[in-house]
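So the structure is just underneath, and the comments pick up after that.
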Amino acid sequence: MKKSSKSELGRFLGSRGFWEIVFPLCMAGLSAYLWTVADAFRGGSARYEMIGPSFFPKLILGISLLICAIIGGQAIWAGRFENTPAPLAKLRWGRLLAAATITFIYAASLSHFGFLLATVAFQVMLLGIVFQLRRPFILILAPLLLTGILIVIFAIFMKVPLPRGIGAFSVFSRMFY
Amino acid sequence: MDILAGLLLVASPEVLPFLLLGVVVGLAFGALPGLDATTGVALLLPVTYVFSPLAALVFFCALYIAGVFAGSITAILFRVPGSSEAIMTAIEGHQFTLRGESGRALGFAMVCSAIGGLIASAALFTVAPYLASIALKFGPTEYFALALLGLSCISAMTAENFAKGIFASLIGLFLATVGIDAITGGKRFDFGVSTLLSGVPFVPAIIGLFAASEVYRRIAVGDVAWRRTEGGGQPNLKLPRMIEFLRIRWTILRSSLLGLAVGILPGAGATTASILAYNLEVQASKDRSGFGTGKVEGIAAPESANNAAAVGAMIPLLALGIPGSGTTAVLMGAFLVHNLVPGPLLFVQQPDLVSGLLVGITLSNILILLFALLFVRLFARLMLVPYPILATGILSISVTGALAFGDTNMVMIMLCFAVLGMVLEALEYPLAPIVLGLVLGPIVETSLRRALLISDYDPWVFFERPISAALLAVAALFFVAPIVRAFRA
């Protein structure tokens, strides 16, 4: 009996219908929080007392609260969570998380290691871990080629100041752009 | 105005190479995400010190016009808008690529862009000063009504789930309030992050929403096999046949005129023009069902409008010395660098330069057709690349494009938008209204507040002025009509 209710709950949590209700609820909560943040904005002059910096954000957040209630209400009214399939449960969460983590680490490491090294490492990891490429030749050649093209176009031709890194990495980057 | 003298000047060996170079550089800047025509003009401004004034100005105008078109190349092929003006083309045009018809979509985009630009060029020659003076009659109430008209296309785009469409646009409108308040100068929703003081950066946001989120979505659903991209193969660029062209002639004409009108308005811009033209086309179409799934009119309208708007933005600059867009503001710098002051006196003191410049602008639109063929072929070859390599390239370009706008914080913002885009798409919220909100948000807010301040908080001010009342009535009609139709269906 306990197992059955647990699997019911799991199916419910995995269903899109569940998220159809939870998402607008979360958004309503976020809107309410941002309303309190907007409350602190001051116009700085009596002239802007009525239509100060918080006027428009509050208008938007107020309408958002209303729309969230409508969307959530629609989902409950339609009883979507009872019969809908569970597309979210079918996602490849592992690969998605790996891709997101690799990109996040890449973005965070750009200023330390410089664009060249960080981009090559990012591309090798993405191709090897996320796309599970097992051809060493392509795994090495493709990132070098792609990064080279990006540096030539963005840094050399278009003069975009791509990050060079710090210390020894900066010296290394300066050899190329 | 002596057109022949202008033509001879532009055809001279001192100017012609710079016209050609401007088109090529503009196509390169426009096609690459994160770089646009404004960046191109700003970056290359110091390079042109040594050019003659006409060569420099023709170079920048060609760069600007080609850059506005080029955003559609990557928008159609990879759903990565090279520039913000191509946002509606990304939504409609990429559907053609998924069907293996990218060549057809690119052909339509090219021809419609060129024609839109040429129609606006004709206005530039004939009625520039007159049109510019009308544009100056637009006050905050008219701008507010115009922006609402732009937002009204949400109902047409999302009639099946209007509430979700409205919510998505509210996300965009809210994000547009982040940063320094344009009226009081107060900080809003920056949460201590200095990057956010200048607002949510538009280009990293759309790169994240459309390009990076699509890669993550495909990773999540496991659609990343080692094969060509959908519609891959050697895409053959297909220019529209005469019968196809004649079928959309009114679409091109009305979108070009709308684009021209919006382009002339200071601050409205080519992105707003393409959104409004798409909206107008949806409303004017007898069969609205195909929009969003790859319809020729959905490409023709925004592409004609954005190039017409780019040329239209030159009208207040040249006729009145008022820059109508970000790029024309930078272009004004190019005039000043060469000791020229744009405005009515320029037409009197430098008639040859003005006629040469106008001919240069017109020729740029024709040259787009020629050079775009080469660029399209170059980018289309990327479709032959297996998806894992292409996806890695798209993510890398997305990051580099975001970096072109600032530091690594821009990359983080781009990634946040990628996550937002993926979550919203998974829950069937449309992404396009977010962009509408983000583009039109600043216009809606500042014009609403200014109008209310000027009128001493009288809301009737929006209905007292004829242009704003008419625009509001049309916006209300556009909002309500698709919902009524959906209910009836």
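The values are calculated or read from the model by the stated rules, or taken from the named source; none is laboratory data. On a predicted model such as this, the values are computed, not experimentally measured, just so you know. Cβ atoms come from the backbone with ideal geometry, glycine included; neighbour counts cover every protein chain shown.
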>> Where the second residue is surrounded by 13 or more Cβ atoms within 10 Å (Cβ to Cβ) and of a type in the set (Val, Ile, Thr) and the first is farther than 17 Å from B:Met410 by Cα and free of Cβ contacts under 8 Å to residues at least 24 places away in the same chain and lies in region A:154-177, which pairs have Cβ atoms under 8 Å and are six or more apart or on separate chains?
In response: A:Met158/B:Thr39
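If a residue has to be under 17 Å from B:Glu244 (Cα atoms) and buried (at least 24 other Cβ atoms within 10 Å of the Cβ) to count, how many in region B:74-102 make the cut?
Narrowing region B:74-102 to residues under 17 Å from B:Glu244 (Cα atoms): B:93, B:96, B:101-102.
Still in the running and buried (at least 24 other Cβ atoms within 10 Å of the Cβ): B:93, B:96, B:102.
Qualifying residue count, region B:74-102: 3.
Considering only residues of region B:420-438 that are part of a loop (DSSP other than H, G, I, E, B) and at the interface with chain A (Cβ under 9 Å from one of its Cβ atoms), which is modelled with the highest pLDDT? Spell out how you get there, then give the answer.
Initial filter on region B:420-438 (part of a loop (DSSP other than H, G, I, E, B)): B:427-431.
Still in the list and also at the interface with chain A (Cβ under 9 Å from one of its Cβ atoms): B:427-429.
Working: B:Leu427: 85, B:Glu428: 84, B:Tyr429: 88.
The selected residue is B:Tyr429.
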> Among the residues of region A:101-119, is any at pLDDT 90 or above, more than 12 Å from every other protein chain (Cβ to nearest Cβ) and surrounded by 13 or more Cβ atoms within 10 Å (Cβ to Cβ)?
Replying inline: yes
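Say whether the condition of being surrounded by fewer than 21 Cβ atoms within 10 Å (Cβ to Cβ) and not in a helix (DSSP H, G or I) is met by at least one residue in region B:305-317.
Initial filter on region B:305-317 (surrounded by fewer than 21 Cβ atoms within 10 Å (Cβ to Cβ)): none.
The answer is no, given that none of the residues of region B:305-317 is surrounded by fewer than 21 Cβ atoms within 10 Å (Cβ to Cβ) and not in a helix (DSSP H, G or I).
I'd like to verify a number: residues in region A:124-149 that are more than 7 Å from chain B (Cβ to nearest Cβ) and either within 22 Å of the chain's Cα centre (by Cα) or outside any helix (DSSP H, G or I) (or both), how many? Reasoning before the result, please.
First, pick out the residues of region A:124-149 that are more than 7 Å from chain B (Cβ to nearest Cβ): A:124-125, A:128-129, A:132, A:134-141, A:143-145, A:147-149.
With the extra rule that they be either within 22 Å of the chain's Cα centre (by Cα) or outside any helix (DSSP H, G or I) (or both), the set shrinks to A:124-125, A:128-129, A:132, A:134-135.
Qualifying residue count, region A:124-149: 7.
Take the residues in region A:69-79 that are more than 7 Å from every other protein chain (Cβ to nearest Cβ) and part of a helix (DSSP H, G or I), then tell me which one is surrounded by the most Cβ atoms within 10 Å (Cβ to Cβ). So that I can check it myself, show each step before the final result.
To start, the set of residues in region A:69-79 that are more than 7 Å from every other protein chain (Cβ to nearest Cβ) comprises A:69, A:72-73, A:75-79.
Imposing the further condition that a residue be part of a helix (DSSP H, G or I) reduces the set to A:69, A:72-73, A:75-78.
Working: A:Ala69: 14, A:Gly72: 19, A:Gly73: 13, A:Ala75: 21, A:Ile76: 13, A:Trp77: 8, A:Ala78: 13.
So, considering only residues that are more than 7 Å from every other protein chain (Cβ to nearest Cβ) and part of a helix (DSSP H, G or I), the one surrounded by the most Cβ atoms within 10 Å (Cβ to Cβ) is A:Ala75.
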> So, of the residues in region B:163-198 that are surrounded by fewer than 21 Cβ atoms within 10 Å (Cβ to Cβ), in contact (Cβ under 8 Å) with a residue 40 or more places away in the chain and not in a helix (DSSP H, G or I), which turns out to be farthest from the other protein chains (Cβ to nearest Cβ)?
Replying inline: B:Val193
>> Between A:Leu59, A:Leu65, which is out of contact with any helix residue (DSSP H, G or I) (no Cβ under 6 Å at 6 or more places or on another chain), within 30 Å of A:Val37 (Cα to Cα) and at pLDDT 90 or above?
In response: A:Leu59
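Do we have B:Val23 as outside any helix (DSSP H, G or I) and crowded, with 22+ Cβ neighbours inside 10 Å here?
On the way: outside any helix (DSSP H, G or I): no; crowded, with 22+ Cβ neighbours inside 10 Å: yes.
No: the conditions fail for B:Val23.
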> Here is a list of conditions, (1) out of contact with any Leu (no Cβ under 6 Å at 6 or more places or on another chain); (2) in a helix (DSSP H, G or I), and B:Leu149 meets all of them except one; can you say which number that is?
Replying inline: (1)
> Do you know which residues across region A:50-59 are within 7 Å of another protein chain (Cβ to nearest Cβ) and more than 14 Å from B:Thr446 (Cβ to Cβ)?
Replying inline: A:Met50
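Among the residues that make up region B:124-131, is at least one of them at pLDDT below 75 and of a type in the set (A, V, I, L, M)?
At the first step, the residues of region B:124-131 found to be at pLDDT below 75 are B:128-131.
Next cut, of a type in the set (A, V, I, L, M) only: B:128, B:131.
Scanning region B:124-131, I find at least one residue that is at pLDDT below 75 and of a type in the set (A, V, I, L, M), so the answer is yes.
Do we have any residue at all in region B:166-183 that's among the polar types (S, T, N, Q), over 27 Å from the mean Cα position of the chain (by Cα) and at pLDDT 85 or above?
Looking only at region B:166-183, we keep the residues that are among the polar types (S, T, N, Q), and these are B:169, B:177.
Among the residues that remain, those that are also over 27 Å from the mean Cα position of the chain (by Cα) are: none.
No, region B:166-183 contains no residue that is among the polar types (S, T, N, Q), over 27 Å from the mean Cα position of the chain (by Cα) and at pLDDT 85 or above.
Restricting to region B:88-110, give me the number of residues that are of a type in the set (S, T, N, Q) and under 20 Å from B:Phe371 (Cα atoms).
Going residue by residue through region B:88-110, those that are of a type in the set (S, T, N, Q) are B:89, B:95, B:97, B:102.
From what is left, the residues that are under 20 Å from B:Phe371 (Cα atoms) are B:89, B:102.
Matching residues across region B:88-110 total 2.
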> Taking B:Ala380 and the conditions (1) of a type in the set (Gly, Ala, Ser); (2) at the interface with chain A (Cβ under 7 Å from one of its Cβ atoms); (3) farther than 20 Å from B:Arg217 by Cα, which numbered condition does it fall short on, given that it satisfies the others?
Replying inline: (2)
> What tally of residues in region B:318-339 results from selecting those that are in contact with a helix residue (DSSP H, G or I) (Cβ under 6 Å, 6 or more places away or on another chain) and either surrounded by fewer than 23 Cβ atoms within 10 Å (Cβ to Cβ) or of a type in the set (A, V, I, L, M) (or both)?
Replying inline: 9
> Name the pairs: first residue in region B:4-33 and away from chain A (no Cβ under 14 Å) and over 30 Å from B:Ser84 (Cβ atoms), second residue of a type outside the set (S, T, N, Q) and surrounded by fewer than 17 Cβ atoms within 10 Å (Cβ to Cβ), Cβ to Cβ under 8 Å, at least 6 apart or on different chains?
Replying inline: B:Ala5/B:Asp352; B:Gly6/B:Asp352; B:Leu9/B:Asp352
> Of all residues in region B:365-413, which are assigned to a loop (DSSP other than H, G, I, E, B) and not charged (D, E, K, R)?
Replying inline: B:Val385, B:Ala404, B:Phe405, B:Gly406
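For the structure I just gave you, tell me whether A:Leu96 is within 7 Å of another protein chain (Cβ to nearest Cβ), in contact (Cβ under 8 Å) with a residue 40 or more places away in the chain and under 18 Å from the mean Cα position of the chain (by Cα). Steps first, answer last, please.
Details: within 7 Å of another protein chain (Cβ to nearest Cβ): yes; in contact (Cβ under 8 Å) with a residue 40 or more places away in the chain: no; under 18 Å from the mean Cα position of the chain (by Cα): yes.
When the stated conditions are applied, A:Leu96 does not pass them.
In the list B:Leu369, B:Leu363, B:Leu374, which residue meets the criterion of being buried (at least 20 other Cβ atoms within 10 Å of the Cβ) and either more than 30 Å from A:Leu96 (Cα to Cα) or touching a residue at least 24 places away in the same chain (Cβ under 8 Å) (or both)?
Answer to the selection: B:Leu363.
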>> Just to be sure I understand, how many residues within region B:202-217 are buried (at least 24 other Cβ atoms within 10 Å of the Cβ) and under 16 Å from the mean Cα position of the chain (by Cα)?
In response: 5
